[in-house]
Amino acid sequence: MQLVWLEARDFRNYREVRVELGAGLTAVAGANGQGKTNLLEAMYYLCSLVSPRVSSDLPLVRAGADVAILRGEVATSGSRLLIEVEIRASGQNRVQVNRSSVRRKRDLRRQARAVFSSPDDLAIVLGDPGERRRFMDEAFVANWPAKDGAAPAYERTLRQRNRLLKDWEGQVGSGGPPGLEGWDAELITNGVALTELRAEAVERIRERAASEFEALAGPGGGTLLVAYQASVSGDPLADAFAAALDSRRADELIRRTTLVGPHRDDLGLVVQDLAARGFASHGEAWGAAVALKLALAGALANEIGQDPMLFLDDPFSGLDPARRERLAGGLAERGQVIMSVPDLAQVPPGAAVLGVEGGSVAQE
Ligand SMILES: Nc1ncnc2c1ncn2[C@@H]1O[C@H](COP(=O)(O)OP(=O)(O)O)[C@@H](O)[C@H]1O
Ligand SMILES: [Mg+2]
């Protein structure tokens, strides 16, 4: 899959910009604060309708403007998509694909597939379990965009069940709040769906991440083990979930919150036989973070039969020179890759170059 061109108006620090992109590797080069990440963000947003950096759209609109406009064309093995997005500082965005309105993100996302890796992904390796749950959710939505409602559905049920437990004024011995069984059933249904999606996504990423990590680290550079640590496991999963809820019932009534379910999942990441979080060096952690995203891109390629667009923001920043070289060496076989680098000296051989300075782009 290839982003062929992109136009952005009033997006972040860009007033007006147009870039043409090749099918292979492009390096976006420029000093700090010039707009490299913003440009990659614009490209990724065009394809996925979400920012990899912020959850609200407001920061995307150039300070002083009301609307940001992104336009661009994506070529897939079977089709061409002209994507046009109006991002409003307040109010509804408008999205058109081939001149027809698109209301749901998934309707674009199942056609245009992209993966974004950035130094913020260090949080997946070093941050709280919530970061890893978010990554697992991102991974299954990237693979199966139609499943983008699974995590929100579970979270809604969880919130309501927690509210019921919190507001309950009865005694612990008395059996719990009326209506709890109904919420148990819904928690189990939505929880099983989410658990299965995470399990399948991790299954597809696990071995790929290990080999990406090893390829990056080089001989003797260590290993990465990835494992889904589900709050509930067993077969059939729904029965195991019900049994786990039963066994924690008394605790739940005392603590007035839900103690079982995928909101307590984690993703185990082990580097060199030690938990990455707390033990990995900065370079190892960064290597693991990049490997996870490369693995996601590989899984996606396998799922859809073509390479997704791959955006690598500052991938060299946390890597030593040998790792940089190994990463750069493998990029030619990954379809279209757009990466950012802080100076021209770091542009990998053979890459097309876009020079970014103060919100304008020179095509070199
Ligand atoms: N909504 C916005 N309006 C105007 N400028 C913005 C907006 N959002 C970010 N910027 C500016 O963009 C610059 C950072 O761009 P960025 O792409 O992150 O830099 P880098 O080249 O280091 O990746 C900062 O100077 C920031 O002030
Ligand atoms: Mg940047």
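Things worth noting here:
- Evaluated over segment 49-98, the Cα radius of gyration and Dmax, each in Å: 12.4, 40
- Take VAL125: with every protein chain present and a 1.4 Å probe, its accessible area is about 0 Å².
- Check: segment 63-219 dipole with +1 on Lys, Arg Cβ and -1 on Asp, Glu Cβ, in debye: 680 debye
- Once divided by 2.2 N^0.38 Å, the Cα radius of gyration of segment 120-188 becomes 1.49.
- Dimensionless Rg over Rh [segment 161-247; C-alpha; Kirkwood]: 1.22
- Every pair of different Cα atoms in segment 120-298 enters the Kirkwood calculation, which places the hydrodynamic radius at 17.4 Å.
- Square roots of five times the Cα gyration tensor eigenvalues for segment 232-364, Å: 43, 18, 16
- Counted charge near GLY30, where neighbours are those whose Cβ lies closer than 13 Å (Asp, Glu -1; Lys, Arg +1): -4
- Rolling a 1.4 angstrom probe over segment 193-308 with all protein chains present gives an accessible area of which 48% lies on carbon and sulfur atoms.
- ³J(HN,Hα) computed for each position of segment 72-88 - Karplus, 6.51 cos²θ - 1.76 cosθ + 1.60, integer Hz, glycine/proline x: x, 10, 10, 9, 10, 5, x, 7, 10, 10, 8, 10, 10, 10, 10, 9, 9
- Here segment 239-318 is treated with +1 on each Lys and Arg Cβ and -1 on each Asp and Glu Cβ, and its dipole about the Cα centre works out to around 380 debye.
- For the chain, built as a Gaussian network whose Cα springs stay under 10 Å, the top-fluctuating residue of GLU203, GLU138, GLU333: GLU333
- The convex hull built on the alpha-carbon positions of the chain has an orientation-averaged projected area of 19.9 nm².
- Heavy-atom accessible surface of segment 49-188: percent carbon and sulfur, 1.4 Å: 46 percent
- When only alpha carbons are used to place a centre, segment 146-169 and segment 306-341 end up 39 Å from one another.
- Within the chain, percent of DSSP bridges classed antiparallel, to nearest 5: 70 percent
- The spacing between segment 110-125 and segment 13-37, judged by their C-alpha centroids, is 18 Å.
- Anisotropy class of segment 299-364 from Cα gyration tensor, a/c 1.5 cut: oblate
- CD proxy at 222 nm, helix term only [per DSSP H run n ≥ 4: -39500 (n - 2.57); per residue of the chain; nearest 500]: -13500 deg cm²/dmol
- For the chain, the membrane-span-like helices by this rule, meaning whole DSSP H stretches whose C-alpha atoms cover at least 27 Å of axis and whose Kyte-Doolittle mean is -0.5 or above, are 180-217, 282-304; this says nothing about an actual membrane.
The values are calculated or read from the model by the stated rules, or taken from the named source; none is laboratory data. Treat the numbers as computed from the prediction; the structure is a model and nothing was measured. For neighbour counting, all protein chains shown are included, and Cβ atoms are generated from backbone atoms with ideal geometry for every residue, glycine included. When the accessible area is computed, the model is the full protein with side chains, heavy atoms only, and any ligands, DNA or RNA have been set aside. Shrake-Rupley method; radii C 1.70, N 1.55, O 1.52, S 1.80 Å.
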